[in-house]
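A.B. asks: Okay, handing you the structure first.
The values are calculated or read from the model by the stated rules, or taken from the named source; none is laboratory data. On a predicted model such as this, the values are computed, not experimentally measured, just so you know. Neighbour counts run over all protein chains shown; Cβ positions are idealised from the backbone, glycine included. For accessibility, only protein heavy atoms count, side chains too; no ligands or nucleic acids. Shrake-Rupley method; radii C 1.70, N 1.55, O 1.52, S 1.80 Å.
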Amino acid sequence: MSAKNKILVSNIGSTSFKFRLFEMPSEKVLAKGGVERIGSTDCPYTISLGDAAPEKGTASFPDHGAAIRFIEQKLGGFDGIAAVGFKPVMAKGISGTQIMDEPVLRAMEDYNTLLPAHNPPYIAGVRLFNQLHPSLPCIGTFETAFYDHIGPATYRYPVPLEWEEKYGIRRYGFHGASHRFVSQRCAELRGTDKLRVISCHLGGSSSIAAVVDGKAVDSSWGMTPQSGLPQNNRAGDFDCFALIYLARNLGLGLDNVEKALTSQSGLKGMSGLATGDIRDLDEAAAKGNANARIALDMFANQIRRFIGQFLLRMNGADTLIFTAGIGENSPSLRAAVCANLDFCGLELDPELNAATRATETVISKPSSKIEVRVIPTNEEIVIARNAWAKLQESH
Ligand code: ADP
């Protein structure tokens, strides 16, 4: 085996850099941590090496380069690292697991307008790694990759055909690493790959995937991560003619409507609170705030809308999975999603559900025809596995 057997999985946000260092192929986590509020003089950082207690502190990092060099020094250099793994969202005409070279980065740039919060910092971060360490391959698994086998009757929009051919207007799918991880883990736990799974990733952003025998067959997403389920502060699916009406006829202007749909909508916008966090909405609803209650009910309704669609799509389901911040930690939302489903034989165990937070647990009754599980997600491990496999392919 080559001496370089580590994969550094990196997650780059506009003001953050998070990492996890894996030894491969054992998948042992050697280190993890990150830096936040990059660009300020007071950036909090955390670094955990092996089993040692985490080192926490604050330091000044004017840019991502300074943060990466700091992490490199803390890890004792990048010499044993075989590749840096990334989880980019999407690029024009490119998906799967890719070496993040200039043509791939330029294809991501083509979609900067669609992903203003995601693509620009990601592209800059990968370029930085390529500059700082030109011999270290950067390997990204696009979030769209899990859906690469979905057929045109599912991904095509009912719009002029040339929009897809010329401009790539179609449905894709995101959170691919998360849905792949939990559906694979479910197959391991159930001891069979032959499964119809509905995977609910409910967190800061939320999505649902329908997965048959390990392959995604449908998704709640549309063309961009602004679509599908209502999100923390983003609208999700919204009638495009209401948008045209607001922007053109009511004079709100396209930029303002875009801003409202991408940052002042979703659970936050509907509740009228300063937050879309489920914990805050639960608390407000318990105190009698009607709009917080409606926002929570609407969220559960929209989740059920997709679950219903996917139950038809797959002629039923073997397992319904809940994952991510809300899916793993909110018994009340899980109970609302699973209520009144005896028509399809789904029976949640109320006590197990109430007691389960972020642990691998079956929360349905033994008699339930559809098993319900909480499976904590682990997107980083999927990125590390794919980067490692890509390296083995190219050797
Ligand atoms: P991100 O997309 O930022 O990674 P997460 O998957 O961590 O998001 O989910 C964050 C969301 O999870 C929060 O906004 C909140 O709504 C929800 N959440 C986190 N912890 C809890 C909890 N204990 N109970 C209910 N909801 C929770």
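A.B. asks: Under unit Cβ charges (Lys, Arg +1; Asp, Glu -1), what dipole magnitude, rounded to 20 debye, does the stretch 161-313 have relative to its Cα centre?
C.D. replies: My answer is approximately 320 debye.
A.B. asks: Two decimals, Cα atoms only, Kirkwood Rh: what is Rg/Rh over the stretch 89-184?
C.D. replies: 1.00
A.B. asks: Another one. Could you give me D for the stretch 187-328, from Stokes-Einstein at 4 °C and 1.567 mPa s, where the hydrodynamic radius is the Kirkwood radius over C-alpha pairs? Units µm² s⁻¹, please.
C.D. replies: Answer, rounded: 79 µm²/s.
A.B. asks: For residue 239 paired with residue 332, estimate the spin-label separation in nm (one decimal), with each label point 7 Å from Cα along the Cα-to-Cβ line.
C.D. replies: Going by the 7 Å Cα→Cβ label model, 3.1 nm.
A.B. asks: On to the next question. Over the stretch 244-326, how many percent of alpha carbon pairs lie in each 5 Å bin up to the one with the longest distance?
C.D. replies: 3, 13, 16, 16, 15, 15, 13, 7, 2, 0
A.B. asks: If only Cα atoms are counted, what is the Rg of the stretch 1-153, and what is its Dmax, in Å?
C.D. replies: 16.0, 52
A.B. asks: Hey, what's the per residue convex hull volume over the C-alpha atoms of the stretch 316-395, in cubic angstrom?
C.D. replies: Roughly 102 Å³ of hull volume per residue.
A.B. asks: Have a look at 90, 9, 65 and report the one farthest towards the positive end of the charge dipole of the stretch 1-120, computed about the Cα centre with Cβ charges (Lys/Arg +1, Asp/Glu -1).
C.D. replies: 9
A.B. asks: For the chain, what does the relative contact order come out to in percent, with C-alpha contacts under 8 Å and a separation of six or more?
C.D. replies: 13 percent
A.B. asks: Let me ask you something else. Could you give the alpha-carbon Rg of the chain over 2.2 N^0.38 Å, rounded to two decimals?
C.D. replies: For the chain, the normalised Cα radius of gyration is 1.01.
A.B. asks: Quote the charge dipole size of the chain about the Cα centre in Debye, to the nearest 20; the model charges only the Cβ of Lys and Arg (+1) and of Asp and Glu (-1).
C.D. replies: The calculation lands at about 100 debye.
A.B. asks: Another question, if that's okay. For the stretch 230-275, just run the numbers: alpha carbon Rg, then divide by 2.2 N^0.38 Å, N being how many residues it has.
C.D. replies: Against the compact-globule rule of thumb, the ratio is 1.12.
A.B. asks: A follow-up question, please. Quick one, can you get me the convex hull of the C-alpha atoms of the stretch 119-268 expressed as volume per residue in Å³?
C.D. replies: Each residue corresponds to 163 Å³ of Cα convex hull volume.
A.B. asks: State the dimensionless ratio Rg/Rh of the stretch 1-61 (Rg: radius of gyration of Cα atoms; Rh: Kirkwood radius).
C.D. replies: Expressed as Rg/Rh, it is 1.06.
A.B. asks: Percent of alpha carbon pairs in the stretch 19-99 separated by more than 21 Å?
C.D. replies: The answer is 40 percent, as a whole percent.
A.B. asks: Past 21 Å, Cα to Cα: identify those pairs from 18/215; 32/87; 87/215, in the order given.
C.D. replies: Beyond 21 Å between Cα atoms: 18/215.
A.B. asks: Rg(Cα) of the stretch 249-395 divided by 2.2 N^0.38 Å?
C.D. replies: For the stretch 249-395, the normalised Cα radius of gyration comes out at 1.30.
A.B. asks: Give the distance, in whole Å, between the Cα centre of the stretch 114-143 and the Cα centre of the stretch 3-34.
C.D. replies: 15 Å
A.B. asks: Among 262, 336, 125, whose Cα projects farthest towards the positive end of the dipole of the chain, with charges put on the beta-carbon of Lys, Arg (+1) and Asp, Glu (-1)?
C.D. replies: 336
A.B. asks: In debye, nearest 20, what is the charge dipole magnitude of the stretch 1-155 about its Cα centre with +1 on Lys and Arg Cβ and -1 on Asp and Glu Cβ, if you could check?
C.D. replies: 180 debye
A.B. asks: Same structure, new question: Given a 1.4 Å probe and heavy atoms of the protein chains only, how would you sort 287, 6, 259, largest accessible area at the top?
C.D. replies: The most accessible residue leads, giving 287, 259, 6.
A.B. asks: Mind checking the per residue accessible area of the chain for me, 1.4 Å probe, whole number of Å²?
C.D. replies: On a per-residue basis, 47 Å².
A.B. asks: Measure of size requested: the Rg and Dmax of the stretch 194-238, with Cα atoms as the atom set and Å as the unit; please supply both.
C.D. replies: Considering the stretch 194-238 through its Cα atoms, Rg and Dmax are 11.3, 36 Å.
A.B. asks: Leaving out ligands, DNA and RNA, what percent of the accessible area of the stretch 293-395 is carbon and sulfur, probe 1.4 Å?
C.D. replies: 52 percent
A.B. asks: Give, in whole angstrom and from largest to smallest, the semi-axes √(5λ) of the equivalent ellipsoid of the stretch 201-284, with λ running over the eigenvalues of the Cα gyration tensor.
C.D. replies: Listed largest to smallest, the semi-axes of the stretch 201-284 are 26, 20, 8 Å.
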